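Colleague: One structure follows; several queries about it will come next.
None of the figures in this text is laboratory data; all of them are computed from the coordinates on show. What you are looking at is a predicted structure, and each value in this text was computed from that prediction instead of being measured. Here the Cβ positions follow ideal geometry from the backbone for every residue, glycine too, while neighbour counts run over all protein chains shown.
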Amino acid sequence: MVVPMTVNFLKSKWRLFASAHPLAKGVIAYSIVWPTSSFMQQTLEGKQLKDYDWMRILRFGLFGGCYVAPTLYGWLRVASAMWPQTNLRIGALKAIVEQASYAPFASTSFYFGMTLLEGKGIEAAKAEVKDKFPKTLRIAIFIIPVLQTINFGLIPEPNRILFVSFCSLFWITFLAHMQKQGEKAQLNEHMPKQQLKQFQHHLPVLKNESFIPKVNNAFAL
């Protein structure tokens, strides 16, 4: 009896807190969803527990909770103020407007912000956006509008950020994969150069004066 009563008490307290502080609800949700997505992405790569990049997971949590949740909350409030009705037609309109405004901003912010959190600098962040933003946008245009039409058209406003955070679990996993793919490509691009330098470093220094006679003698044999 004690456990069910405790669970019901916590549920009621959470409902009161969530209804009174929707932004805090979003921050908590995204502080869980974003690192979970990074964890899922690394799991799909086949990593073992000892091989996980925990700092990367932490960066995802910080970015999701401290940046994405407040900006998304602001956009949802603006959209609800501009179109207060809740139906599929208005939901589709909001989704189209979002795809043309907030979605590009969110994708750009992700690649730019995560690169800065990795300590790579502004120029590297610009290059990351230039390389990956177009690819991400081409895929997002077929997925995000459908989800946001459902969100704006059928989901009550207090629960919209939770619905988005649930859908984001899979979308952010994809973004984490996209970001990691770029790192792998850069590694593969630079690895042959590094190996070539190491090979050249270990080659003996040959002088023409001593090397050419030896070659001539070899051919003379």
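Colleague: Modelled label-to-label distance, Leu23 and Ile96, 7 Å Cα→beta-carbon offset: nm?
Modeller: Between Leu23 and Ile96, the simple spin-label model gives 3.1 nm.
Colleague: Under a crude label model (7 Å from the Cα following the beta-carbon direction), how far is Ile122 from Asn87 in nanometres?
Modeller: About 4.8 nm separates the two model spin labels.
Colleague: In addition: Expressed as a fraction of 2.2 N^0.38 Å, the rule-of-thumb size for a compact globular protein of N residues, what is the C-alpha radius of gyration of segment 8-175?
Modeller: Taking the Cα Rg and dividing by 2.2 N^0.38 Å, one obtains 1.08.
Colleague: Follow-up. So what does the Cα-only Debye profile of segment 129-174 read at q = 0.18, 0.25, 0.26, 0.30 Å⁻¹, as log10 I(q)/I(0), no solvent term?
Modeller: After summing over all Cα pairs, the log10 values are -0.60, -0.92, -0.95, -1.08.
Colleague: What number does segment 52-105 give for Rg over Rh if you use C-alpha atoms and the Kirkwood radius? If you can, show how the numbers build up before the last one.
Modeller: Numbers: Rg = 14.8 Å, Rh = 12.8 Å.
We get a ratio of 1.15 for segment 52-105.
Colleague: As a quick test, which of the pairs Lys47/Lys135; Lys94/Lys180; Lys94/Lys135 have an alpha carbon distance above 29 angstrom in this structure?
Modeller: On the way: Lys47/Lys135 26 Å; Lys94/Lys180 31 Å; Lys94/Lys135 23 Å.
Over 29 Å apart, Cα to Cα: Lys94/Lys180.
Colleague: Just need the Rg to Rh number for segment 75-174, please, alpha carbons only, Kirkwood Rh.
Modeller: Values: Rg = 14.8 Å, Rh = 14.4 Å.
Across segment 75-174, the Cα-based Rg/Rh ratio is 1.03.
Colleague: Also: May I ask you to sort Ser38, Ser101 by Cβ crowding, counting other Cβ atoms within 10 Å and putting the fewest first?
Modeller: Working: Ser38 27, Ser101 13.
Ordered from fewest to most neighbouring Cβ atoms within 10 Å, Ser38, Ser101 come out as Ser101, Ser38.
Colleague: Can you give the FRET efficiency for Tyr52 and Phe170, using 1/(1 + (r/R0)^6), R0 = 25 Å, r = Cβ-Cβ distance, to the nearest 0.05?
Modeller: On the way: r = 19 Å, r/R0 = 0.77.
Using R0 = 25 Å, I get an efficiency of 0.85.
Colleague: Hey, got the dipole for segment 8-175? About the Cα centre, +1 on K and R Cβ, -1 on D and E Cβ, debye to the nearest 20? Write down the numbers at each step before the final one.
Modeller: On the way: 18 positive and 9 negative charges, 69 e Å.
With only Lys, Arg, Asp and Glu charged at Cβ, the dipole is about 340 debye.
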